[in-house]
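Asker: Sending over a structure as structure tokens; questions will come in a sec.
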Amino acid sequence: MTSYNSIQKALYLAFQRQEWAQLREAVPLTLSEADLANLRGINEKISLAEVTDIYLPLSRLLNLIVGTKQQRGLVLDEFLGQKPSNSPYIISIAGSVAVGKSTTARILQALLSHWPEHPKVDLVTTDGFLYPLADLKRKGLLQRKGFPESYDMKLLVEFISAVKAGKSRVAAPLYSHVTYDRLEEQQLVCQPDILILEGLNVLQTGLDTPVDIRSPFVSDFVDFSIYVDADEPLLKQWYIDRFLQFRQGTFSDKSSYFHHYATLTDEEAKQIAANIWDTINGPNLQLNIQPTRERAHLILQKGQDHLMDQVLLRK
Ligand SMILES: Nc1ncnc2c1ncn2[C@@H]1O[C@H](COP(=O)(O)OP(=O)(O)O)[C@@H](O)[C@H]1O
Ligand SMILES: CC(C)(COP(=O)(O)O)[C@@H](O)C(=O)NCCC(=O)O
């Protein structure tokens, strides 16, 4: 049952799945077989109905909003008699661990890059800004991974500020779910039209971090923010399911942090994943992620099987 609390009623317009699906209207965007195959490659579990009902209307809305911002920029450039700026439009995607942020981000990246007005869409995840594993261990933060203090927020704010300023090449650290650590390799962001920044912390204001790195916040640089939402029992189940999938694939890799879990029985693996949820990801959701939800411009509410059943859009 989809919830719609009193704060949300004051701030958002609510659309049931079918109402939202109709807002696709005549999206001048047709997906070829190759495009669909590409989207399938992002996540073979996502249905075509989910793409057409939820993501096409969303890409239409974002295209209109980005277009308004681009036009305003042109007006300002003309008024000031200056060269067009290279400042990208920044979209953030927040939500719990395992809610489907990275899947949503990758689908939006693929769909938004089809629009001729903004073909270059880059995607960065804030996982790369977690402190390296050795630092987390040294600081006793391994059981707090994903909590505000486990991220180098200063580096993240510097990164987003440089991208927003239109710098020609900005490096972002990369994270690996296999090694559970930051990689040597970095990602270069080179003046995209749109940057999608995905991570559980993108709506956080860092009030519990030292004053010198508290402000500005990531959201000061973000033009449009999305929160992907679902009830906690579903999230815990999706986390356990993903853990079981990793066990069959990723964990068998010798360099995997969880390699010693590869030989567990299903039941043992489920118990370990449930315990990680109950001690780390669940408390982080309740304390630090869910309280940021109503800061978002748009809330995507998922129900059973990751199907979106309600969309909330800021009035
Ligand atoms: N729309 C969807 N339909 C079906 N499964 C999904 C969908 N989105 C995500 N998943 C699955 O849910 C799990 C978590 O998704 P993921 O994108 O990794 O989440 P996050 O980045 O928020 O941690 C993965 O196993 C993924 O395959
Ligand atoms: C890297 C993360 C903080 C963020 O995850 P994501 O939202 O990308 O799934 C998370 O996957 C994590 O490692 N949490 C700590 C507890 C755990 O091992 O799940």
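The values are calculated or read from the model by the stated rules, or taken from the named source; none is laboratory data. For clarity, every value in this text was computed on a predicted model and none was experimentally measured. Every residue, glycine among them, receives a Cβ derived from its backbone with ideal geometry; neighbour counts consider all protein chains shown. Calculation scope for accessible area: heavy atoms of the full protein, side chains included, ligands and nucleic acids excluded. Shrake-Rupley method; radii C 1.70, N 1.55, O 1.52, S 1.80 Å.
Asker: Restricting attention to the stretch 129-171, which residues are within 16 Å of ligand 1 (Cβ to nearest atom) and touching a strand residue (DSSP E or B) at 6+ places or on another chain (Cβ under 9 Å)?
Answerer: 129, 130, 145, 146, 150, 151
Asker: Criterion first (surrounded by 14 or more Cβ atoms within 10 Å (Cβ to Cβ) and among the acidic types (Asp, Glu)) does residue 232 satisfy it?
Answerer: Here the answer is yes, as residue 232 does meet what is asked.
Asker: Please state which one of 264, 313, 307, 203 is surrounded by 13 or more Cβ atoms within 10 Å (Cβ to Cβ) and within 12 Å of ligand 1 (Cβ to nearest atom).
Answerer: Details: 264 fails: within 12 Å of ligand 1 (Cβ to nearest atom); 313 fails: within 12 Å of ligand 1 (Cβ to nearest atom); 203 fails: within 12 Å of ligand 1 (Cβ to nearest atom).
One residue alone meets the criteria, 307.
Residues are listed down the side, and each one gets a yes or a no for (1) at positive phi; (2) within 16 Å of ligand 2 (Cβ to nearest atom); (3) part of a strand (DSSP E or B):
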| site | (1), (2), (3) |
| --- | --- |
| 137 | no, yes, no |
| 146 | yes, yes, no |
| 156 | no, yes, no |
| 162 | no, no, no |
| 179 | no, yes, no |
| 183 | no, yes, yes |
| 186 | no, no, yes |
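Asker: Exactly one of (1) away from ligand 2 (no atom under 16 Å from the Cβ); (2) in contact with a strand residue (DSSP E or B) (Cβ under 7 Å, 6 or more places away or on another chain); (3) modelled with pLDDT of 95 or more is unmet by residue 120. Its number?
Answerer: All conditions pass for residue 120, except number (2).
Asker: Sticking with this structure for a sec: Quick check on my filter: what residues within the stretch 235-261 are part of a helix (DSSP H, G or I), open to solvent by 50 Å² or more (accessible area, probe 1.4 Å) and more than 12 Å from ligand 2 (Cβ to nearest atom)? Steps first, please.
Answerer: We begin by selecting, within the stretch 235-261, every residue part of a helix (DSSP H, G or I); these are 235-248, 250-252, 259-261.
So of that shortlist, the ones also open to solvent by 50 Å² or more (accessible area, probe 1.4 Å) come out as 236-237, 241-242, 245-246, 248, 252, 259-260.
Residues satisfying the conditions are 237, 241, 245, 248, 252, 259, 260.
Asker: Any idea which residue in the stretch 149-181 is farthest from residue 277 (Cα to Cα), counting only those that are open to solvent by less than 20 Å² (accessible area, probe 1.4 Å) and in contact with a helix residue (DSSP H, G or I) (Cβ under 6 Å, 6 or more places away or on another chain)?
Answerer: The extreme case among them is 170.
Asker: Let me ask something else about it. Working only within the stretch 135-148, note down all residues that are touching a residue at least 12 places away in the same chain (Cβ under 8 Å) and open to solvent by 40 Å² or more (accessible area, probe 1.4 Å). I'd like the intermediate steps shown before the answer.
Answerer: Just the residues of the stretch 135-148 that are touching a residue at least 12 places away in the same chain (Cβ under 8 Å), to begin with: 136, 143-148.
Across the stretch 135-148, the qualifying residues are 143, 144.
Asker: Now a separate question. Looking only at the stretch 279-296, decide whether some residue is assigned to a strand (DSSP E or B), within 14 Å of ligand 1 (Cβ to nearest atom) and buried (at least 18 other Cβ atoms within 10 Å of the Cβ).
Answerer: Checking the stretch 279-296: not a single residue is assigned to a strand (DSSP E or B), within 14 Å of ligand 1 (Cβ to nearest atom) and buried (at least 18 other Cβ atoms within 10 Å of the Cβ).
Asker: Which one is least open to solvent (accessible area, probe 1.4 Å) among residues in the stretch 55-108 that are of a type in the set (Lys, Arg) and away from ligand 2 (no atom under 16 Å from the Cβ)? Give the steps one after another, and end with the answer.
Answerer: To start, the set of residues in the stretch 55-108 that are of a type in the set (Lys, Arg) comprises 60, 69, 72, 83, 101, 106.
Applying the additional criterion that residues be away from ligand 2 (no atom under 16 Å from the Cβ) yields 60, 69, 72, 83.
On the way: 60: 62, 69: 80, 72: 146, 83: 172 Å².
Once the filter is applied, the top-ranked residue is 60.
Asker: Part of a loop (DSSP other than H, G, I, E, B), surrounded by fewer than 19 Cβ atoms within 10 Å (Cβ to Cβ), of a type outside the set (D, E, K, R) and touching a residue at least 60 places away in the same chain (Cβ under 8 Å): is that true of residue 191 in this structure? Lay out the reasoning, then the answer.
Answerer: Working: part of a loop (DSSP other than H, G, I, E, B): yes; surrounded by fewer than 19 Cβ atoms within 10 Å (Cβ to Cβ): yes; of a type outside the set (D, E, K, R): yes; touching a residue at least 60 places away in the same chain (Cβ under 8 Å): yes.
The answer is yes for residue 191.
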